[in-house]
1. Would you mind finding the one in 567, 594 that is surrounded by 17 or more Cβ atoms within 10 Å (Cβ to Cβ), at negative phi and modelled with pLDDT of 60 or more?
2. Here are the criteria: (1) surrounded by fewer than 21 Cβ atoms within 10 Å (Cβ to Cβ); (2) in contact with a helix residue (DSSP H, G or I) (Cβ under 8 Å, 6 or more places away or on another chain); (3) farther than 23 Å from residue 269 by Cβ; (4) modelled with pLDDT of 95 or more. Tell me which single one residue 169 does not satisfy.
3. Could you please tell me which pairs satisfy a Cβ distance under 6 Å, a separation of 6+ or placement on different chains, a first residue in the stretch 358-370 that is at positive phi, and a second residue that is surrounded by fewer than 23 Cβ atoms within 10 Å (Cβ to Cβ) and in a loop (DSSP other than H, G, I, E, B)?
4. Please enumerate the residues belonging to the stretch 348-371 that are closer than 20 Å to residue 414 by Cβ and either modelled with pLDDT of 95 or more or out of contact with any strand residue (DSSP E or B) (no Cβ under 9 Å at 6 or more places or on another chain) (or both).
5. Can you give me the number of residues within the stretch 279-304 that are more than 20 Å from residue 117 (Cα to Cα) and within 31 Å of the chain's Cα centre (by Cα)?
6. Inside the stretch 121-207, counting only helices (runs of 4 or more DSSP H) that do not spill past its ends, which hold 3 or more residues that are closer than 28 Å to residue 228 by Cα?
7. So the check is Cβ under 8 Å with 6+ separation or different chains; which pairs have a first residue in the stretch 693-712 that's over 29 Å from residue 620 (Cβ atoms) and a second one that's buried (at least 17 other Cβ atoms within 10 Å of the Cβ) and modelled with pLDDT under 80?
8. Any residue in the stretch 469-478 that is more than 18 Å from residue 427 (Cα to Cα), modelled with pLDDT of 90 or more and in a helix (DSSP H, G or I)?
């Protein structure tokens with residue numbers, strides 16, 4: 001086997017700096033080491049990873065040790081990058097060598113804590129930080145402490161293991177190449193030297209293996225098989241009891257081997273398997289922390305969890321025939337993530353749960369589930385609860401104890417009649433979504449029955465709430481809490497497709513609101529007076545309001561921008577009640593003036609390009625647009641200017657306009673584009689309408705763009 005590498009190197013100066021940072025912890029060599037440093041840098045050929053490894057290997061070593069190391073390097077051909085990278089590996093003790101190889105083959109890309117836990121179960125303690133210091137491993141802090149390594153370092157690890165037995169893969173410690181694994185399993189060439197196997201095919205494949213080979217792998221710790229379906233004749237009758245990680249997706253047997261004793265397992269992943277169950281009786285798995293049986297549609301029952309006290313993740317997503325979750329799940333003190341979404345046959349859960357470590361509870365689309373457990377104790381670590389698509393009728397009052405809860409999703413729980421008053425105790429709640437909880441979505445049988453109102457009590461106390469979605473809840477006049485204006489952190493409010501006529505005035509005083517939707521509220525006649533202040537700390541400095549299909553709306557919302565706003569966008573598609581209102585023109589002009597004056601006098605640093613736009617029914621361009629034309633182009637001579645230009649334009653469009661879109665969206669009704677050109681430059685503004693229109697509409701927009709429209 002011949003390995004060939006071609007890597008772009010650094011320049012001489014950058015290479016010396018990188019080497020020095022690792023060898024001396026500063027940007028240049030110490031006195032007496034300049035010439036030696038230049039030799040090492042030259043040997044590394046500018047390769048960053050080689051410079052790091054060489055530098056780390058020489059850190060805190062004296063001059064004699066440097067010279068001895070250089071003598072060794074001179075005996076290695078300079079083109080053999082593999083041998084250069086292997087320097088740090090050769091200096092490791094046996095424990096750290098095994099840790100390094102395990103990460104390269106099986107653990108790269110996993111969370112640091114999970115990696116450490118798996119290694120500890122293999123009696124391979126410590127070593128991660130030491131390998132990082134030698135630049136053999138990396139920890140990506142920005143991505144959740146993910147363990148990684150350079151591709152060249154990983155290739156070196158593969159080659160080190162290949163050289164253990166160049167001719168016979170069955171005598172190597174670890175296997176990852178498909179041809180090697182297939183050779184061992186078909187020809188029964190396994191030995192007790194094999195500690196790990198990882199096989200992942202690009203596409204789902206069928207295979208006939210001689211699984212008796214597993215009986216010889218008495219030291220096997222890692223077994224990962226993905227996208228392979230073995231025939232019924234090849235199903236293993238034995239699996240090594242030494243396994244720490246068992247990942248076998250698409251496992252084609254109903255049960256695991258009866259003589260398998262998985263007491264050392266840390267992670268069990270068998271997605272899309274044909275498993276009916278795991279074990280009929282209690283089995284002690286003191287080290288098992290991760291169990292993922294998602295997509296196993298034949299699964300009908302779970303194991304007894306009493307013997308799995310350290311379980312952290314239980315994922316049963318998409319187990320559609322799963323009927324029972326064993327009650328012992330309620331006492332898993334270490335459980336952090338419980339995922340049961342798509343378990344359509346589960347009808348009940350334990351009456352009460354006390355999971356002190358639980359962070360995430362997902363019961364989404366458990367369509368037969370009518371009741372969720374009471375929450376015992378504070379359970380202060382619980383952050384997210386997803387109940388959307390369940391049949392629950394109420395939330396337990398104990399939900400108010402979940403002081404750390406940030407997300408609560410109860411969308412399309414059509415039997416849910418309201419939220420308990422204890423919801424106001426959730427001071428950390430940021431997202432509350434109860435969309436679709438209305439009898440209007442039920443079958444015709446329900447339409448003749450008296451409507452049961454969705455009850456929404458006070459929202460006082462939800463100081464952290466950023467998103468509130470109550471669309472499609474059948475809310476009528478007076479059913480929105482009058483204290484909704486106390487939601488001082490609210491940014492997005494969706495009240496679409498409800499039955500109220502007006503809204504509480506306090507909505508207009510929400511200081512951080514920048515997205516407000518009341519689409520399809522066909523009885524809504526007026527909107528509150530909106531008062532906006534300065535840009536907040538996160539840079540939001542505008543309002544996007546959507547009143548599409550509010551057919552009873554007769555006036556545009558009043559906007560008081562007392563301290564200026566960078567942009568305002570109003571969408572009033574199919575709001576035909578606005579057509580007869582002669583005051584709409586004045587409202588549009590006032591909106592433009594507020595934007596222009598606010599920008600002129602404030603000009604807050606970091607604001608977006610100031611813009612005002614509105615889409616509204618109409619077929620007549622207002623008279624105050626002094627340059628008008630019929631057709632697809634209009635040339636306007638701009639007046640001389642010194643600092644900036646405000647430009648306002650208006651276009652009339654209707655359904656059936658020619659579609660000219662480079663990548664047309666699905667079911668796109670109308671698309672058009674406006675180009676504002678000045679000389680050779682162009683500012684392209686576009687508007688997409690993705691719904692049916694009965695009559696013509698106006699698009700009015702005013703913008704300020706000195707960079708693109710300022711005269712030379």
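1. On the way: 594 fails: modelled with pLDDT of 60 or more.
Testing whether each residue is surrounded by 17 or more Cβ atoms within 10 Å (Cβ to Cβ), at negative phi and modelled with pLDDT of 60 or more leaves just 567.
2. (1)
3. That search, which allows pairs on different chains as well, returns 365/341; 365/342; 365/389.
4. 349, 362, 363, 364, 365, 366, 367, 368, 369, 370, 371 - these are the residues of the stretch 348-371 that are closer than 20 Å to residue 414 by Cβ and either modelled with pLDDT of 95 or more or out of contact with any strand residue (DSSP E or B) (no Cβ under 9 Å at 6 or more places or on another chain) (or both).
5. Step one: filter the stretch 279-304 for residues more than 20 Å from residue 117 (Cα to Cα), giving 279-283, 293-304.
From the residues that got through so far, the ones that are within 31 Å of the chain's Cα centre (by Cα) too are 293-303.
Qualifying residue count, the stretch 279-304: 11.
6. On the way: elements: 128-133, 151-162, 178-186.
In the stretch 121-207, the matching helices (runs of 4 or more DSSP H) lie at 151-162, 178-186.
7. These pairs meet every condition: 706/645; 708/676; 710/645; 711/645.
8. no
The values are calculated or read from the model by the stated rules, or taken from the named source; none is laboratory data. Keep in mind that this is a model prediction, so the values were computed, not measured. Backbone-built Cβ (ideal geometry, glycine too); neighbour counts: all protein chains shown.
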